[in-house]
Amino acid sequence: MQRSNQVAQELPSLPLDGESVLVTSIGEDLALIAGVADAMMDKVDTLLNGDPSMSMKAETICWNRKNAPPDATIGFVAIVPIRLASKVRLRSVVVRRSGPPIRYTLIRPVVSLPNLIQIVCADAEEQSSYVVDRIIQTLINGKATQKRTDAALSVLTSASPTDGWIEVAGSIDTGQAFLQGWASELPSDTVRILAEEEGVLVGEFKSASVPRNDLGEQGKGFVGLLDTGKYAVHPGKLKKLFFRGRDGWRTLNVYDRCVVLSSTDVPAHIRSGLTQASASADTMRVLRRAGERFDGRDTVSDLKVPVRIGMDMVVEVTGGGMLVVGWMLDPEGHVDSLTLCTGASRQRIDNVWTRLPRKDVSTAFQHNSLFSGRLDPSRNDHGFLAFIPGPPSSAETPVYFELAVGETFAFYPLTPLRGMSRRSLERLISPLDPRTAAAAAAIERHIGPMMQAMASPAPSVAETRDLGFDETDTGKVLVIAAGVDVEEVSVTLSLLALDSEAKDVQIIVSAPVEAFDSIAPEAERLARFYGIKVRVIGAAGVQDACDAFEAAIHMTRAETLILLAAGVLPRQAGWISLLERAYRNRSGKALVSPTILYEDNSIRFAGTWLDIEAQKLVDRYIGYPRDVVHGSQSAEVIAGSLACCIVSREAIESAGGFSRSYLSTNEKARDLCLKMRLGGTPAVWLPDVEMISADNDVDMSALPMHRLAQKIDRWSFDRKWSLLINNMR
Amino acid sequence: MPNHSPRVLIVSHGHPSFSLGGAEIAAYNLHKGLNRIPDVESRFFARVGHPVARHSGTALMSLRQTEGEFLYHADEYDHFLISNRNTEEIERDFLRVLSDLGPDVVHFHHFIGLGLEMIYAVRRALPDCVIIITFHEFLSICSHHGQMVKTGGTKLCHRASPSDCNACFPEVSPARFLRREHFIRGLLEVADYFVSPSQFLVDRYVEWGLDRSRFVVIENGLDIAEPAPPRTLPRRNERRSRFGYFGQITQFKGVDVLLDAVTCIPDTVWGEDSQLMIFGGNLERQPEPFQDKIRKLVERAGSRVRFYGSYQNSEMPRLMRSIDWTIIPSIWWENSPIVIQESFFHGRPMICSNIGGMAEKITDGVNGLHFRVGSSQDLVDRMTEALTTPELWEILRTGINKPITYEECARLHLELYQDLALKKATSTSAVALTA
C-alpha cells in the first residue's frame, strides 16, 4: 500500500516473534490481537491468561506473509471474547490450533483500533481489503452492540481513504436514497456498500457517472440510488459510505454543506441528473424509474389511458389511521394496484376497499373524449371508501396514491385533514347511503374499525363560573348537559326554577367551551332572577351530552348525580323526589331513569330491554303512544337513559366513564350502563315519572346520517358486547 | 281579601292612549270600573316600547298620564318565548312598584311585550298576592300571531302541537316548539286564575294543558254612554239594507270574502238602496297580493261598497247610526271581538262566520245570522235573507241581550278577586294547620 511506509515510521510494527501480539480492546468483552504464526485456523480456542476455565472461541482473519520466515508465514488478527472477573488483567492468550498451542504475551501499552488496523493493513499489503472485510464482517455478525458497531466503523474509517464526496442526498418514496456527488474510484453501475448513519447499514449503490468539468482529473460525478433494503437510510443522518475500490476500501464522505432534498424534490433532481449520465442499461432504467416517482404532482391526470381519480375526503383520524373516500374511473382495468403511500409506509387499498355507486362520476365523464364509448352504462361502482389503520403521521409526510399502470406508475397527491372532531367526521361520511349493501361492508371493514381507532380526547374543563353554587352540604347535584343552544338551556333552567323541589338543588350546567361565553351570562341572569344556584362549566372536547356529563362529573364532589340533557323537560313537578326515592330504595346502587316521551307524547324511552328471542337489546315501546306503559311497575332494565337519570358518581367513575368511540349518545349510554351493570349497578326504569324531549335535528336530510350513525354504533357495540348479551337470559 | 280597601294592579301590554286595541281598552275599562267601586283602589301599569324614548335610569315612565298610572318601557323581548330578557329591570323597577303599591291582586291583561317573567316576579315579591291573567287570543298556544291559522294560507288550525307548529314554521324545530310550550305554560301556571271573555278560548287553553278549574268567563265591559238609535229610514217600507264592517282590513278579517259576496248578490236583490260601508284601514300594510285582491274586488263591487277609512272608538255611536247590520266575516277564530258587544249595545243584529268566539257570542237566528267561514256564497245567501225578509231585522234585534258595562264587568272581577283571596287564605291557613 502507498501509505505503508509512512505508517511504519509512526506506528509500531506487527510483532514478528511469534510470542507476542498487539492488542486493542473493543468495549468490555472483546479484544483484537494481531501477530504472526507458522499456521492458523479460522476458528480457534483460546485460554485467557492460560487459564483452562476461561476458554473462549475466537475468530481469526489470516493473511500470507510473503518472504517471511517459516514461523512467521501467517499474519493474523484474532477477535477474542473476554470474560474476566473484575480487576483481573489480561496478560496473555493461549491459542489452541491444529499444531501445538502458542502462548502470546500481550504487548503493553495497548494500541488504538485505528492504529492496529493500519499496522495490519501495512503488513497484509494487497490482502488488506480482504482482512478488513473479514474483521468488519466478524464484528457486525457478532452480538450487536454499539461498541462493536463503532469498532467496525472505526476499522472501516481507518482502512478506507476518502475517495469522494456526497453533495446532494434525499429519499424517494420507495425508501431508497438518492445520492449525488463525485468520486475517483467509485465503480460504475452496482457496488456493495456499507453506510454509516447511526449504525451501519449494508446495501447496494447503483450509480451512473456524470461529467464534471470542475474536477479535472480528480474524479467524476455520479448520481445514484442507495438501497439498504428493509432499513432505509435517512439522508440527513448519513455520515459516510464505504465501498470496495480496485485495491481496497474507500470512503465517500458527506459534504458538510450537503443539500438534503425533500422526497418530492428528488425525482426532478434525478431526471435532471440523468440527462448527461452514462451507465449500463439496467442502471439507467432503475434511475429513470426513480425519476418518475412521486414528486408532489398529480400525474394520473396526464395518463394517456382512460384512468382518472378524485377524492372527496382524506382524513387522518385522531389516534392514527387514514380514511380515504373518493372515486377511481378505470373502465378498461388499466390499474393493476392502488397503493396509499404515507411517507415510506405503503398500503395497497384496491384489495380492501369498499366500492360505492357514483353515477355522478359516470355522468361527468361520459362526454370526455378519453372515456366516451368506454363507459359501461350499467356500472357505476366508481366510488371507494377505505380505512387504513396505521400510526399517526407528521404533517410534513407526503401522502399520495400510487397507481400501478402497466410498466409505469402514476401518482395522485392527497391532503389529509387531521385532528377532525367526531362531529365533523359524521358530516363527512354522511353521503354514504345507509340503505346500500356497500354501506354495511363499509361499516364492517372501514368505518367501524376507524371509530374504534379514533381516540377522541376526554373533555377537559376550561372555564368555570359559580353563581351561588355551593355543594359543601349537599350530597346531590343536578347536571344539565348543554349544547350550543342558549335558549335550550335557558328554558330548562327556568322550568327547574319553577319547580320548588328542583329550585333548591345545586345545578351544574356543563357546556362546550365554545358556548360558554353565551351560556354563562344567561345562566347568571337566570340564577339571579329565579334564585337558583348554578355552576357553569365550559369544557373543551364536548361534542354531545355524554361528553358534557363526563366533564361535569370531575367538577363535583357530590355523591349523587341527577343527569339531565338540556332538551329534556319535566312533565310534572316532583320528578326529582320520585327518582330519588327509587334510587334510595335501592341504596343508591342503581341508575334510575324515567319514561321519556317525544313531543307528540309517544314513547321515546321506556327502558332498554333484552329481546330474548333475538338476543339483542331493544328500546321497548319506542314510538308507541304513552298510555301503553300506564300501570307498569318500575323494573330493572338492561340500560337506562343518560338523558335523564339519577346515579351515583362513584358508579360512573368506577365503570371508567363514557366510551368515546360511538357516534350517538344512545350507544354510549348503553355501553356505560352495561359496564356499570357488570360493576354491580343495574339500571332501573321508573314508568311513573315522565319527561318529554323532542329530536333537535328533524331536518329530513339528516335522517340518512342518523341511520348510518346507528349502524356504525351498532357494529361497534356488538363487537364489544355481543358475547355478554348472547349469554344473558 | 284583607280588611283594607282591596288594592288591584292592572297590568296591560299597552295603554289605550298609545295603542287602541281591544285588549288595551278592556284592561283600561276594568281599571276605571274598579276605581268606581267604593273602597277599591286600582292602579294601571302598561307597557310602552319603541318608538317611545325611554329614561336611561329606569324602565318606568309616566308620559303625562293620569295619576296612579305607570308606564314601563320594555323592548328586550323574545317574541317566540314571550319572554323578557331584561330581568334586571324587572327586578329593579317592576318589583319596586310592586313593593311600594303592595297590591292584593295583580291582574295581567296580556303580557305580550312585557314577558311572562313579570308573572314570576309578582309571585316572588308577593307570595300571597292573587295573580290573574286575562287571555285575549291564542298567543301562548300559537306562534303565528296567536291566530291559530296555518301559515301560508288561511286554513284554520284546530290544535297546536310541536309537530304541527313545525309544519307551519319549518325553520323552527319541534324541539323549540316543545320548549316554547313548556316554558310558556310553566310560567302561566304561576298565576292563580285565568279569565277569558269567551268559552271558546277557555276550551282551547284547557285542551292545551291549563286546568279548567282555574278558568272563568267574564265578558269585557263597555264604556258607552247611550245606544245609537236605529237608522232613520227615509221612506216607509224602506229596507234595513245598510251593512257595516268595522275593523282592520287584514287577511284574517275576511274582508275579501265579504267583498266577493257583495259583488255576487243579484241586482234584483241588492237594489238601489243597499250599501256596504267599510270602516277600517291598514290595507296599505298588508302583503301586496292581498292588497291587489282587495282592489280588484272593490272595482268589481263598484258603488255597492264605500270605504270610510279608520275610525276612533269614540266615533262608534255615530257610525252605528248609519248602518242596520254589522258583518264580521273573520276567517280566524276570534275571541270576543269588541265590535260584537258594540253592535249589540247599539241594537244592530250581526252576520258572522260560524266559528270560534263569533259563533259563541252571536246566536244564529236569535240575534244574528251565521255563514260558513270563508264562504262568500253562503254569505250571499245570508245577506240576501237579510235583504229579502222584511221582519228579520226586528226579530233579531229583539233577540239581542245588552252587553255588560265596564262597571258591571269590574264588579264581576271584584267578586272573583274576593273569592280567590278567600280560597287562598283558607288554603294558607290549612297549610299552616297541617305544618
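Read-outs: derived from the displayed coordinates by stated rules, not from any lab. As the structure is a prediction and not an experimental result, all values here were calculated from the model. Quick reminder, even Gly has a Cβ in these numbers, built from the backbone with ideal geometry, and neighbours come from all protein chains shown.
R0 = 56 Å: FRET efficiency of A:Asp473 with A:Leu678, Cβ-based, nearest 0.05? So the FRET efficiency works out to roughly 0.95.
Taking a ≥ b ≥ c as the square roots of the eigenvalues of the Cα gyration tensor, an a/c ratio below 1.5 marks the range B:297-399 as rounded.
May I ask for the equivalent-ellipsoid semi-axes of the range B:78-120, computed as the square root of five times each C-alpha gyration tensor eigenvalue and listed largest first in whole Å? If you can, show how the numbers build up before the last one.
On the way: eigenvalues 75, 34, 7 Å².
After scaling each eigenvalue by five and taking roots: 19, 13, 6 Å.
Using a 10 Å cut-off around each Cβ, can you sort B:Glu89, B:Glu137, A:Glu444 from fewest to most neighbouring Cβ atoms?
Values: B:Glu89 19, B:Glu137 23, A:Glu444 15.
Going from sparsest to densest Cβ surroundings: A:Glu444, B:Glu89, B:Glu137.
Segment A:Met555..A:Ala364, full-extension length gain: 63.3 nm, with 0.36 nm per residue of separation and the alpha-carbon distance subtracted.
Residues B:Ser336, B:Ser274, arranged from fewest to most other Cβ atoms within 10 angstrom of their Cβ, appear as B:Ser274, B:Ser336. Restricting the range A:36-117 to trypsin sites (Lys or Arg not before Pro) that sit in a DSSP loop and have at most 15 other Cβ atoms within 10 Å of their own Cβ leaves A:Lys66, A:Arg83, A:Lys87, A:Arg89, A:Arg91.
Within the straight-line cut-off of under 15 Å between alpha carbons, the aspartates and glutamates reachable from A:Lys43 are A:Glu59, sequence neighbours fewer than 8 places apart in one chain being disregarded. Compute the acute angle (0 to 90°) between the alpha-carbon long axis of helix A:703-726 and the principal axis of greatest extent of the alpha-carbon atoms of chain A; round to the nearest 10°. Once rounded, the angle reads 80 degrees. Would you give the gap between the C-alpha center of the range A:542-605 and the C-alpha center of the range A:312-389, rounded to a whole Å? For the range A:542-605 versus the range A:312-389, the Cα centre distance is 46 Å.
Look at where the Cα atoms of the range B:402-420 and of the range A:191-250 average out, and the two centres are 109 Å apart. For the pair A:Arg528 and A:Glu463 in one chain, pulling the backbone fully straight at 0.36 nm per residue adds 21.4 nm over the alpha carbon distance.
Under 14 Å of direct C-alpha separation, and excluding same-chain neighbours fewer than eight residues apart, A:Lys589 reaches these aspartates and glutamates: A:Glu559, A:Glu580, A:Glu636, A:Glu650, A:Glu653. Sort all Cα-Cα distances of the protein assembly as shown into consecutive 10 angstrom bins from zero, then give the percent of pairs in each bin up to the one containing the longest distance. Cα pair-distance distribution for the protein assembly as shown, in percent: 2, 8, 12, 12, 11, 11, 11, 9, 7, 5, 4, 4, 3, 2, 1, 0, 0.
Starting from the Cα gyration tensor of the range A:460-560, take the square roots of the eigenvalues, sort them a ≥ b ≥ c, and report rounded, prolate or oblate (rounded when a/c is under 1.5, otherwise prolate if a/b is larger than b/c, else oblate). Verdict is oblate for the range A:460-560. For labels at B:Tyr311 and A:Ser345 in the simple 7 Å Cα→Cβ model, what's the distance in nm? Placing both labels 7 Å beyond Cα along the Cβ direction yields 8.5 nm. For the pair A:Glu19 and A:Arg257, a Förster radius of 45 Å applied to the C-beta separation gives a FRET efficiency near 0.30, rounded to the nearest 0.05. Once the Cα-Cα distance is subtracted from the 0.36 nm per residue extended length, the B:Arg159 to B:Arg36 segment shows a gain of 40.3 nm.
For the range A:341-419, the calculated P(r), taken from all Cα-Cα distances in 5 Å bins from zero up to the bin holding the longest distance, is 3, 12, 17, 19, 20, 15, 9, 5, 1 percent.
Restricting the range B:144-218 to trypsin sites (Lys or Arg not before Pro) that sit in a DSSP loop and have at most 10 other Cβ atoms within 10 Å of their own Cβ leaves B:Arg159.
Label the range B:180-241 by shape, choosing from rounded, prolate and oblate, from the square roots a ≥ b ≥ c of the eigenvalues of the Cα gyration tensor; if a/c is under 1.5 it is rounded, and otherwise prolate applies when a/b is larger than b/c, oblate when it is not. Intermediate values should be presented prior to the final figure.
Details: a/c = 4.56, a/b = 3.12, b/c = 1.46.
Judged from the Cα gyration tensor, the range B:180-241 comes out prolate (a/c at least 1.5, a/b above b/c).
Under Stokes-Einstein, with the Kirkwood radius over Cα pairs as Rh, the value for the range A:584-729 at 37 °C and 0.692 mPa s is 208 µm²/s.
Applying the Karplus relation 6.51 cos²θ - 1.76 cosθ + 1.60 with θ = phi - 60° to the range B:323-328 yields 3J(HN,Hα) values of 10, 10, 10, 10, 10, 10 Hz, where x marks Gly and Pro.
Mind checking the range A:126-206 for GluC sites (Glu not before Pro) that DSSP puts in a loop (not H, G, I, E or B) and that have at most 11 other Cβ atoms within 10 Å?
Values: sites: A:Glu126, A:Glu167, A:Glu185, A:Glu196, A:Glu197, A:Glu198, A:Glu204; in loops: A:Glu185, A:Glu197, A:Glu198.
In loop regions of the range A:126-206 (DSSP not H, G, I, E or B), the sparsely surrounded GluC sites (Glu not before Pro) are A:Glu198.
The ranking of B:Asp223, A:Asp214 from fewest to most other beta carbons within 10 Å of each one's beta carbon is A:Asp214, B:Asp223.
Using r as the Cβ-Cβ distance of B:Glu171 and A:Asp718, and R0 as 45 Å, what FRET efficiency do you calculate, to the nearest 0.05?
Values: r = 38 Å, r/R0 = 0.84.
Rounded to the nearest 0.05, the efficiency is 0.75.
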